[in-house]
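Below: one structure, written as structure tokens.
The values are calculated or read from the model by the stated rules, or taken from the named source; none is laboratory data. Remember, it's a predicted structure, so these values are computed and weren't measured experimentally. We place every Cβ from the backbone using ideal geometry, glycine too, and count neighbours over all the protein chains shown. Note: areas computed on protein heavy atoms with side chains; ligands, DNA, RNA excluded. Shrake-Rupley method; radii C 1.70, N 1.55, O 1.52, S 1.80 Å.
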Amino acid sequence: LCSLLIYFFTLTAGMLLWALKSGDNGPNLIHPLQIWQIQLIGSFLLIVCLVLFVVVHIDLGKNWSPQPEKKAQHELVTGGIYRYARHPMYAIFLWAGIGTLMSTLNFVITWCVFGLVFITLRRIETEERILFELFGEEYVEYRKRVSALGFPWGCLGYDREISVTTPRTQRRQPNPRNYHAIV
């Protein structure tokens, strides 16, 4: 958690300095497009994302884990920022991607950030299964009330019904070569 906070803080500070330095004396050789007003808005958006990132971790408390997993005393968190999104941290990552685009106006950096975000979004299905297994009908009701990523990210398809598969016992399939025709 500490390293993630340091990463977001330094990234946000760097974006803010980048936006403030832009203009006639800014790094125009690196980025031919410089619009300091948009970059300042993007930096502000990143700061908001940083604050919300901390709020998510405060709301999750002891339920937070870097990997999707079942915890011994897992609780379903539905209050705080979780009233607006079931996976607010991932929604924040999406908004941070937009903030990165706006603050840097650099499509290469943005492409890399969104690549990481979409890789991270693949965890939603696993987390949804784990939460369904842990909380059953309570989680189904929560799913009906709250979008996976909140507004406006419902269009990404993470609110569709989850396919929950119950663990099957491993059965050995008979080998057809071991069967003999009974005449």
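Given a Förster distance of 25 angstrom, what is the FRET efficiency for Arg83 paired with Phe118, based on the Cβ-Cβ distance and rounded to 0.05? Write down the numbers at each step before the final one.
Values: r = 25 Å, r/R0 = 1.01.
Efficiency computed from Cβ-Cβ geometry: 0.50.
May I ask for the net charge around Leu116, where only other residues with Cβ less than 13 Å from the Cβ of Leu116 are counted and Lys, Arg are +1 while Asp, Glu are -1? Intermediate values should be presented prior to the final figure.
Working: positive: Arg122, Arg123; negative: none.
So the surrounding residues net to +2.
For segment 61-151, which whole-number percentage of the solvent-accessible area (1.4 Å probe, protein heavy atoms only) is attributable to carbon and sulfur atoms?
On segment 61-151, the fraction of accessible area on carbon and sulfur atoms equals 62 percent.
Suppose all protein chains stay in the model; what accessible area per residue would a 1.4 Å probe give for segment 39-85, in Å²? Mind dumping the intermediate values first?
Values: 2630 Å² over 47 residues.
About 56 Å² of surface per residue is accessible.
Would you tally the net charge around Gly150, using a Cβ to Cβ cut-off of less than 14 Å, leaving Gly150 out, and scoring K and R as +1, D and E as -1?
Working: positive: Arg83, Arg86, Arg143, Arg145; negative: Asp59, Asp159.
So the environment of Gly150 carries a net charge of +2.
Label-point separation (nm) for Glu133 and Trp36, each offset 7 Å from Cα along Cα-to-Cβ?
Label at Glu133, label at Trp36, 5.4 nm between them.
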